[in-house]
Amino acid sequence: MRYLFSDRFGGVSKAPFASLNLALHVEDDFRDVEKNREILAEKIETNRLIFMEQIHKDHIEIVTDATAQELLGTDAMISDIKGIGLCVMVADCIPILFYDSIKKVIAVAHAGRQGVALNIANKVIESMIHNFASKVENIEIFMGPGIKSCCYEVKKDAIECFENYSHVHKDKIYLDIEKKCIDDMLKIGIVQENISSSSICTCCDQRYFSYRRDGKTGRFCGVITL
Ligand SMILES: [Zn+2]
């Protein structure tokens, strides 16, 4: 198994997508995005990457040899096929990678506020257990850079499901979606030692695309392959 989280460097896109933008839907030049995707494929050493058209919902696809290069209306995918790189694109949402080293199964999930509220990570874990006979204690979790509670200010109506994961600072409400996501996974039996999470806040750290900070910008990726 190999995995990586890209940053905004090493690609060919021009501002405001400079330079390793991996998303086709942000009005970047599609030829630049295709080149960037080739660069990512080289980095992870696979010639087949699968992307999702992510819509902040909880639809999960099982990826097979017959799967198209882009899955529509999908926010998570699971596979046991060797040589396929599963990609999740983000710019503040949390890219989550999953790995069962016993059953040799990988997965990715796109977890923003709505995905975490829909419990998308747990749904992926349950699907790995149901469809691939994974055991929960064998599943490792890698959470990449995302927006943290230092920067994730929301309106009052966005606090639903996050009552215990919010704080108020100078009359503004901030959410900690990562903490809720981790707590939810621990509740269904994921082992604490099997969770690694990035300390990087995308909105604070200029090395990463941040929709909250920059608006029109690119997307970086979490990618995992067997
Ligand atoms: Zn921050």
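Throughout, read-outs are computed from the coordinates displayed, never taken from laboratory work. Since the structure is predicted, the reported quantities are computational estimates derived from the model, not experimental observations. Quick reminder, even Gly has a Cβ in these numbers, built from the backbone with ideal geometry, and neighbours come from all protein chains shown.
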extent check for the range 106-145: Cα max minus min per principal axis, descending, whole Å, gives 29, 20, 14
Largest-first principal axis extents, alpha carbons of the range 132-175, Å: 46, 21, 13
Is there a quick way to get the dipole size of the chain? I mean about its Cα centre, with the Cβ of Lys and Arg at +1 and of Asp and Glu at -1; what is the value in debye to the nearest 20? 360 debye
Of Lys43/Lys216; Lys57/Lys179; Lys155/Lys180; Lys57/Lys155; Lys35/Lys179; Lys14/Lys123, which pairs sit farther than 28 Å apart, going by alpha carbon to alpha carbon? Lys35/Lys179; Lys14/Lys123
Rg and Dmax of the range 139-226 over Cα atoms: what are they, in angstrom? 14.4, 47
When all C-alpha to C-alpha distances in the range 75-185 are sorted into bins of 10 Å, what percent of pairs does each bin hold, rounded to whole numbers? 15, 44, 27, 12, 3, 0
Please get the size of the charge dipole for the range 34-102, origin at its Cα centre, with Cβ charges of +1 on Lys and Arg and -1 on Asp and Glu, quoted in debye to the nearest 20. 140 debye
Along the range 133-149, what does the Karplus equation 6.51 cos²θ - 1.76 cosθ + 1.60 (θ = phi - 60°) give for ³J(HN,Hα), rounded to whole Hz, x for Gly and Pro? 6, 5, 9, 4, 6, 9, 8, 9, 10, 10, 9, x, x, x, 6, 9, 5
Of Thr225, Ser197, Tyr99, farthest towards positive along the dipole that unit charges on Lys, Arg, Asp, Glu beta carbons give the chain: Ser197
Can you pull the three principal axis extents for the Cα set of the range 179-226, in Å, largest first? 38, 28, 15
Ratio to report: Rg/Rh of the chain, with Cα atoms as the point set and Rh obtained by the Kirkwood method; give two decimals. 0.95
Net charge (Lys, Arg +1; Asp, Glu -1) of residues whose beta-carbon lies under 14 Å from that of Lys156, Lys156 excluded, is -2
Could you tell me the ratio Rg/Rh of the range 49-129? Both radii from Cα atoms, Rh via Kirkwood. 0.93
Kirkwood Rh over alpha-carbon pairs of the range 1-96 plugged into Stokes-Einstein at 37 °C, 0.692 mPa s gives a D in µm²/s of 237 µm²/s
Within the chain, what's the longest run with no GluC sites (Glu not before Pro) in a DSSP loop and at most 11 other beta-carbon atoms within 10 Å? Give the range, please. 46-159
